[in-house]
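Here is the structure we will look at, set down as structure tokens.
The values are calculated or read from the model by the stated rules, or taken from the named source; none is laboratory data. For clarity, every value in this text was computed on a predicted model and none was experimentally measured. Here Cβ is always computed from backbone atoms with ideal geometry, including for glycine, and neighbour counts include all displayed protein chains.
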Amino acid sequence: MSLTRLDKYLADAGLGTRSEVKKYIKKGQVYVNQIPVTAPEKKIDTDSDEIIYQDQIIRISAYDYFLLNKPAGYVSATKDNTAPTVLSLIPNGRKDLFPVGRLDKDTEGLLLITNDGALAHRLLSPKRHVNKTYYATIEGIVTTEDVKSFERGLFIGDEDLGEALPAQLSILETEPFKNRSTITVTIQEGKFHQVKRMFQAVGKKVLTLKRIGFGPLTLPEDLPCGAYRQLTPEELDLLKSCC
Ligand code: URA
């Protein structure tokens, strides 16, 4: 038997702050074993009691998985002294959350946030080649020669970074008068500044960068920049089976 207060349980399950969940309880919106309970301090047995709010069974899972649409200006770290971190965008999240890999401060788009270290480790392992797809605007006119260079793999700098594995570059638009191109690129690794360095290697500069795909996940079109949501069970299954 594992006893805890009802309001603490609901807050830990991510339903809201302690004072928010107290309101739901006092309004009679929370059911314990099919009976509405209005006392936030009521002790429940988390092993055997069934807790229901808005027709959903509330369970505390060991892990959380969030898909964040990262805005520019946020650092992909758990702590930083110079800029807000991506975790500040998940205000009621549990304390052990961390971003799965890094997007540069000025990069936007799909970033996974979790506390599942084992899955993160697998997703980030260089051996697993989990694809990451980016949409970018580039200074310069991207050519079919560039597409071939990306396809072959590119030397992207110093000894540490070395070769970037073959990447799939697609040209969406070129605007000669503006000297600008828009592209998507899919890379298999996550080396430091990899996309920026790959374009640097073909003499071009990334102006804006947004991640739109990570393994089997795509950035939902209806998720505004700065917003996040939990992964659906289907997305989580796909993610776990891709690595
Ligand atoms: N490549 C980059 O250059 N920056 C990112 O943020 C991600 C991939």
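Across segment 12-48, the qualifying residues are those that are at pLDDT below 90 and under 23 Å from Gln230 (Cβ atoms), and the one among them that is surrounded by the fewest Cβ atoms within 10 Å (Cβ to Cβ) is Thr17. Taking the criterion of being surrounded by fewer than 17 Cβ atoms within 10 Å (Cβ to Cβ), within 14 Å of the ligand (Cβ to nearest atom) and part of a loop (DSSP other than H, G, I, E, B), the only residue of segment 112-134 that qualifies is Asn131. Exactly one residue out of Val75, Val142 is farther than 25 Å from Gly16 by Cβ and either away from the ligand (no atom under 15 Å from the Cβ) or free of Cβ contacts under 8 Å to residues at least 24 places away in the same chain (or both): that is Val142.
There is no residue in segment 179-194 that is under 18 Å from Val147 (Cβ atoms), loosely packed, with under 15 Cβ neighbours inside 10 Å and either over 25 Å from the mean Cα position of the chain (by Cα) or within 15 Å of the ligand (Cβ to nearest atom) (or both). For beta carbons closer than 6 Å, sequence separation of 6+ or different chains, a first residue in segment 80-106 that is within 24 Å of Ser125 (Cα to Cα) and in contact (Cβ under 8 Å) with a residue 24 or more places away in the chain and a second that is within 14 Å of the ligand (Cβ to nearest atom) and among the aromatic types (Phe, Trp, Tyr), the qualifying pairs are Val86/Tyr74. Against the conditions (1) within 16 Å of the ligand (Cβ to nearest atom); (2) without any contact (Cβ under 8 Å) to a residue 40 or more places away in the chain; (3) among the β-branched types (Val, Ile, Thr), Thr137 satisfies every one except (2). Please find, within segment 197-218, the residue that is farthest from the chain's Cα centre (by Cα) out of those that are of a type outside the set (A, V, I, L, M) and part of a strand (DSSP E or B). It comes out as Lys205. Of the strands (runs of 3 or more DSSP E) lying entirely inside segment 1-99, those carrying at least 3 residues that are of a type in the set (A, V, I, L, M, F, W, C) are 65-70.
A single entry from Gly162, Gly153, Gly157, Gly109 fulfils the requirement of being closer than 30 Å to Tyr65 by Cα and either under 23 Å from the mean Cα position of the chain (by Cα) or within 16 Å of the ligand (Cβ to nearest atom) (or both): Gly109. Starting from residues that are assigned to a strand (DSSP E or B) and in contact with a strand residue (DSSP E or B) (Cβ under 6 Å, 6 or more places away or on another chain), keep the ones in segment 164-179 and report whichever is farthest from Tyr135 (Cα to Cα). The selected residue is Ala164.
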